[in-house]
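The values are calculated or read from the model by the stated rules, or taken from the named source; none is laboratory data. Source: prediction; values computed, not measured. Backbone-built Cβ (ideal geometry, glycine too); neighbour counts: all protein chains shown. Remember, those area values only see protein heavy atoms, side chains included, never the ligands or the DNA or RNA. Shrake-Rupley method; radii C 1.70, N 1.55, O 1.52, S 1.80 Å.
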Amino acid sequence: MRGHIGTFIAALVAVALCGCAGLTGNAGNTGMSITKAAYGTTEGEEVALYTLKNANGVEVQIINYGAIVTSLKVPDRSGKSDNIVLGYDTLEEYIADDAYLGCIAGRYANRIANGRFTLGSSEYTLAVNNPPNHLHGGKAGFNKKIWDAEEVRRSGAVGVRLTFTSADGEEGYPGTLDTEVTYELTKENELRIDYSAETDKQTVVNLTHHGYFNLAGAGSGDILKHELMIAADRYTPTGESMIPTGELAPVEGTPLDFREAKPIGRDIGADHPQLSYGKGFDQNFILKLAPGKSPELAARVSEPASGRVMEVLTTEPGIQFYTGNFLPNGKKGRDGKTYNHRTGFCLEAQHFPDSPNQPGFPTTVLIPGRKYSQTTTYRFSTEG
Ligand code: GAL
């Protein structure tokens, strides 16, 4: 009997140390695993790297600095896996990064005009870190924070739950914001992101994932041959400094019409003011005018050479499509790769830019007692 108990305890210890969900006897998680490794130290705190795997060869790596996805390996049509997101090798490079590679952008993703907004009778001033505007939460947004992390296992998925409390007044925003972001890799080859936040004072919130994708493999060249569909018949045109005019304009008859899939490169050089402001595609597409209850298809991208396909489903009303126009040539990436201009694209599901100053846009105001939530899923498959 003692022998059996000893074996049982040893098995429990092994499961706890390994973190292999497949060993827990959860049939829905066969072949799935989570492992945790040290990634580095900053501000006296240790940063961990979590590796999530499923039985189909999909592997996601996440660090609790910036809630960053550092690597996402997905098989191509012949079964060969490759990393399809831009990233770096080291924590130091993520700390120095100014392109928001793979992070969660917040407290307010995208731009707020002139770094100012009013709530009730109070005016709030934010950092102008993308002159003349505020961008992605300020000088040290959520992409520069150390989050608490815990492993998540449920039937059919393994994941990491990241939590961060943003102090009242941090980066100029009112209210203590308790934020939770859960990344899950499912057995259906999805990277699912559930976001929630609660505040103790009226504030604004807009969170998104800022992954740069290249379905041919990160560092393999530009993304212009990817075929993209965006399920939006309108977009929010901006002025020169990328702040929306407030208009909800039809995509029809413009280079922004992605309702039928077309190569990203087909119209990227078209002579159109919206393309000149962003130096390529960098627009918010309108999916709906209020957040949905469950994620709906927002975009589909396919890459002809590898056969990889990515679908983006979201509850959010908008999606910013950005073609890495501000990526410099010769940027050092992970695994000895070099990234250049337009070698990754972002599909950032979110609310519309500058919503705090745009009464006609879906609201981004969060009040005490209410919960902000959004879900976005990146789903992978192959074709051809
Ligand atoms: C995107 C934004 C771009 C640029 C980029 C970061 O989300 O749309 O204009 O600021 O982030 O370089």
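Here are some notes:
- Filtered residue count, the range 136-157, keeping only those that are touching a Phe, Trp or Tyr at 6+ places or on another chain (Cβ under 9 Å) and either open to solvent by less than 70 Å² (accessible area, probe 1.4 Å) or among the aliphatic types (A, V, I, L, M) (or both): 13
- Matching residues, the range 250-274, being within 21 Å of Lys225 (Cβ to Cβ) and without any contact (Cβ under 8 Å) to a residue 12 or more places away in the chain: Asp257, Arg266, Gly269
- Strands (runs of 3 or more DSSP E) (entirely within the range 47-166) containing at least 3 residues that are out of contact with any helix residue (DSSP H, G or I) (no Cβ under 6 Å at 6 or more places or on another chain) and more than 30 Å from His341 (Cβ to Cβ): 116-119, 148-154, 157-166
- Checking Ala261 against (1) among the hydrophobic types (A, V, I, L, M, F, W, C); (2) surrounded by fewer than 21 Cβ atoms within 10 Å (Cβ to Cβ); (3) within 16 Å of the ligand (Cβ to nearest atom), the condition it does not meet: (3)
- Among residues that are over 21 Å from Glu240 (Cβ atoms), assigned to a helix (DSSP H, G or I) and either away from the ligand (no atom under 16 Å from the Cβ) or among the hydroxyl-bearing types (Ser, Thr, Tyr) (or both), Asp335 is included.
- Number of the condition not met by Pro75 [criteria: (1) open to solvent by 40 Å² or more (accessible area, probe 1.4 Å); (2) at pLDDT 95 or above]: (1)
- Number of positions in the range 332-354 that are open to solvent by 30 Å² or more (accessible area, probe 1.4 Å) and within 16 Å of Asp89 (Cβ to Cβ): 6
- Test: residue in the range 37-55 that is surrounded by 24 or more Cβ atoms within 10 Å (Cβ to Cβ), of a type outside the set (Phe, Trp, Tyr) and farther than 26 Å from Ser155 by Cα: no
- For first residues located in the range 276-288 and part of a loop (DSSP other than H, G, I, E, B), partners that are more than 9 Å from the ligand (Cβ to nearest atom) and among the basic types (Lys, Arg) and lie 6+ apart or on another chain with Cβ distances below 7 Å form the pairs Gly280/Arg342.
- Members of the range 200-236 found to be away from the ligand (no atom under 16 Å from the Cβ), closer than 27 Å to Gly246 by Cα and part of a strand (DSSP E or B), listed by number: Thr203, Val204, Met229, Arg234
- Of all residues making up the range 89-117, the number that are free of Cβ contacts under 8 Å to residues at least 60 places away in the same chain and either more than 12 Å from the ligand (Cβ to nearest atom) or in contact with a Gly (Cβ under 6 Å, 6 or more places away or on another chain) (or both): 8
- Qualifying residue in the range 264-280 (condition: of a type in the set (Phe, Trp, Tyr) and over 23 Å from Thr343 (Cβ atoms)): no
- Ala67 being among the aliphatic types (A, V, I, L, M) and buried (at least 24 other Cβ atoms within 10 Å of the Cβ): yes
- Some residue of the range 202-212 being polar (S, T, N, Q), open to solvent by 10 Å² or more (accessible area, probe 1.4 Å) and within 22 Å of Ala261 (Cβ to Cβ): no
- The range 264-286 - residue that is away from the ligand (no atom under 16 Å from the Cβ) and surrounded by 15 or more Cβ atoms within 10 Å (Cβ to Cβ) and, of those, farthest from Phe345 (Cα to Cα): Asp267
- Residue within the range 74-87 that is within 13 Å of the ligand (Cβ to nearest atom) and among the basic types (Lys, Arg) present: no
- Selection within the range 237-248 - assigned to a strand (DSSP E or B) and either within 22 Å of the chain's Cα centre (by Cα) or free of Cβ contacts under 8 Å to residues at least 60 places away in the same chain (or both): Pro244
- In this structure, Asn133 qualifies as over 19 Å from the mean Cα position of the chain (by Cα), within 12 Å of the ligand (Cβ to nearest atom) and open to solvent by less than 10 Å² (accessible area, probe 1.4 Å).
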